[in-house]
C-alpha cells in the first residue's frame, strides 16, 4: 500500500475513481456525476495541479483518494484545512487504506493548518467512525443539505485539530 500526492499525469486514474465514488454513493458527495463526467481530461489535470489530491494504491491500482484544501484567499480562514473527496473502493475497505489516507492528510496539514473540517452524510456510520477515530468531533448538522432523487439528506459538520 502506497499513499502519495497525485500528479497531473494521474488525471485519468483520479477521474475514474472519483466518478465511481459519485455514481456508487450519490448521497456521500455533493458533486454531480453528470457534471463531473462531462469534464475534459485537461480540466482534471488542472484540478490536480490546483488542489492537493492524495491517492492510495494497492498493487499499483488507485484504490482510495482524499483531498486537502484551504481558503487561502483570506488570512482569516487560512488556518482551516478542508478534507474532501474521501473515498476507498469496496475491495480495499478494511485494508487500512482509509486510515493511511487520513494519516497522510494530517501529515501534510501539519504546518499548513491548525484545524481541519469536513462534512459527511449523516447516515454514513462507517465514515463517521473513521473520522472520529482520527480525532474529528461533530460540531453541527446541516438538515436537508442534499437532495438526491427527490429525497433530502442531512450532513454532519465535523472538525479536528491538526
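Of the residues making up the stretch 136-162, those that are farther than 21 Å from residue 21 by Cα, in contact (Cβ under 8 Å) with a residue 24 or more places away in the chain and part of a strand (DSSP E or B) are 159, 160, 161.
Yes or no, residue by residue, for (1) under 15 Å from residue 131 (Cα atoms); (2) touching a strand residue (DSSP E or B) at 6+ places or on another chain (Cβ under 7 Å):
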| residue | (1), (2) |
| --- | --- |
| 46 | no, no |
| 70 | no, yes |
| 73 | no, no |
| 77 | no, no |
| 87 | yes, yes |
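When residue 106 is tested against the conditions (1) surrounded by 13 or more Cβ atoms within 10 Å (Cβ to Cβ); (2) in contact with a helix residue (DSSP H, G or I) (Cβ under 8 Å, 6 or more places away or on another chain), the lone failure is (2).
The residues in the stretch 52-93 that are assigned to a loop (DSSP other than H, G, I, E, B) and without any contact (Cβ under 8 Å) to a residue 40 or more places away in the chain can be counted, and the count is 12. Here residue 96 meets each of (1) surrounded by fewer than 15 Cβ atoms within 10 Å (Cβ to Cβ); (2) touching a helix residue (DSSP H, G or I) at 6+ places or on another chain (Cβ under 9 Å); (3) modelled with pLDDT of 95 or more with one exception, condition (2). The condition (being crowded, with 18+ Cβ neighbours inside 10 Å and closer than 30 Å to residue 154 by Cβ) is satisfied by just one residue among 48, 35, 17: 17. Regarding residue 3, is this residue within 15 Å of the chain's Cα centre (by Cα) and within 29 Å of residue 147 (Cα to Cα)? Answer is no for this residue. Here's a check for you: in the stretch 94-135, which residue that is without any contact (Cβ under 8 Å) to a residue 12 or more places away in the chain and not in a helix (DSSP H, G or I) is farthest from the chain's Cα centre (by Cα)? If we take residues in the stretch 94-135 being without any contact (Cβ under 8 Å) to a residue 12 or more places away in the chain and not in a helix (DSSP H, G or I), then 111 is farthest from the chain's Cα centre (by Cα). Among the residues of the stretch 124-147, those that are loosely packed, with under 14 Cβ neighbours inside 10 Å and within 23 Å of residue 90 (Cβ to Cβ) comprise 125, 126, 129, 132, 133. When the residues of the stretch 15-42 are filtered to those that are in contact with a strand residue (DSSP E or B) (Cβ under 6 Å, 6 or more places away or on another chain) and assigned to a helix (DSSP H, G or I), the one that is nearest to residue 151 (Cα to Cα) is 21.
The values are calculated or read from the model by the stated rules, or taken from the named source; none is laboratory data. In this text, all values refer to a predicted model and were calculated from it rather than measured experimentally. With ideal geometry, Cβ positions are generated from the backbone for all residues, glycine too; neighbour counts draw on all protein chains shown.
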